[in-house]
Structure formats: structure tokens, C-alpha cells
């Protein structure tokens with residue numbers, strides 16, 4: 001379907017533009033939100049006037065937000081987090097968290113939709129775009145550092161931290177493998193000892209059985225010997 005934009009829409013166009021969009025996007029979002037109307041002949045005839053008015057509003061808004069963008073120069077948002085040895089977080093830093101912290105720093109309400117970033121899942125410094133207007137999109141540095149450590153140690157690219165941590169992770173993996181191998185060896189020794197104890201028990205049982213058989217044979221032979229002694233005496 002074709003629509004005419006009434007407002008600037010990021011990644012789509014500016015007010016007064018006629019755009020072809022998916023039916024669902026147009027009918028379920030753009031039109032209900034007052035961002036566009038169907039591109040009828042009558043609507044298109046008003047495109048120029050809509051464009052002129054939008055240019056005026058945009059110029060005022062860009063001027064206001066330019067001051068906010070200047071406040072963001074050199075601004076760093078700090079987030080402590082738990083992470084593994086390779087720097088991968090146990091969780092993530094979301095756009096909602098970034099928007100909340102930035103709003104507090106600027107004293108201005110920033111919506112999470114204005115933060116152009118995927119959830120951050122790695123220690124280090126990330127550059128994140130913040131859309132203040134369709135034209136004013138400054139960057140802010142988001143520093144994610146390990147809990148209990150200094151943020152200054154993590155003001156580098158996440159890739160550098162991961163690369164520096166890799167040898168340590170390898171060492172820990174090797175130590176874990178050695179520990180597992182040691183555990184297996186201990187298990188084998190215990191199994192051998194159990195087998196040895198079992199062998200001893202079997203031998204003891206055999207000895208008892210032999211002794212019992214000897215006693216039975218002795219009891220059987222005793223009456224015969226008594227009869228022989230009686231005959232000799234007679």
C-alpha cells in the first residue's frame with residue numbers, strides 16, 4: 001500500500017513523502033499513530049504544504065536537540081556487571097537501561113526506542129547512537145565493567161578485552177581438564193581398592209569354607225577310629 005507521511009519517520013522518510021509500505025505496517029502502525037494517511041489524490045495535493053510546515057517544526061526541534069547533543073559529547077554511561085573470564089556478561093545491558101541512565105544524566109526523557117543498539121553482552125566500551133531527531137543522532141559511550149573493579153580498566157573495545165582474556169580462559173580450561181583427569185584417576189584407584197578388598201573377602205570366605213570342610217571330615221573319621229580301638233582292646 002502507498003501512504004503519505006504526516007510526520008518524520010526514522011528509516012522511512014520525512015513528512016510529505018509518499019512511500020510504499022507493507023499493509024500491516026501501514027494499517028496497524030503508521031495510520032493509527034497519526035504518522036501517515038493513505039496516499040489518495042486529495043492527500044498528495046496537500047503534500048507540499050505538509051512538507052513546508054514539517055520543515056519549520058524540524059528546524060526548531062533540531063536547534064533544541066543540538067544543545068542536548070552537545071551535552072552528550074564525552075559523556076560515558078557506566079554499568080557494573082557480572083561476567084565470565086572472556087568478558088561475556090551473565091545477562092545484558094538493555095536499551096531500556098541505557099535510556100533510563102541517559103535520561104537521569106541529561107534531565108530529559110529519553111525513550112528506549114531512541115536508543116539504536118542491540119542488548120550489550122560484553123565487557124568494554126560500546127558506542128551507541130541516540131536519535132534525538134531524524135537529523136540529530138549523537139553517539140554516547142556505554143562502558144560495561146566488571147563488578148568490584150575500576151571502570152577505567154574497561155574503556156576499550158570489547159574485542160580487545162576478549163582477546164586479552166582468552167589466554168587466561170585457556171589456562172583455566174586446562175586446569176579444569178587436569179582437575180577432571182585427576183578426579184577420574186582417583187575414581188579408578190578407589191575402584192581398584194574396592195576390587196582388592198572384595199578379593200580379600202573372597203579369599204577369607206574360601207579359607208573359612210576349607211576349615212569347615214576339614215572339621216566335618218575330622219568328625220566323620222573319629223567314630224571309625226573309636227571302633228578300631230574297641231576291637232583291639234577286646
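Coordinate-derived values only; no laboratory data. This one's a predicted model, so the numbers in the text were calculated from it and none came from an experiment. Cβ sites come from the backbone with ideal geometry, for glycine too, and all protein chains shown count toward neighbours.
Shape class of the stretch 2-70 from the Cα gyration tensor (axes a ≥ b ≥ c, square roots of the eigenvalues): oblate, since a/c reaches 1.5 or more and a/b does not exceed b/c.
Size of the stretch 72-156 from its Cα atoms: along the principal axes, largest to smallest, the extents are 40, 21, 19 Å. Per-peptide packing, taken as the mean over residues of other Cβ atoms within 10 Å, places 71-77, 114-120 in the sequence 114-120, 71-77 from highest down. Of the residues 49, 92, the one with the fewest other Cβ atoms within 10 Å heads the list, and the complete ranking is 49, 92.
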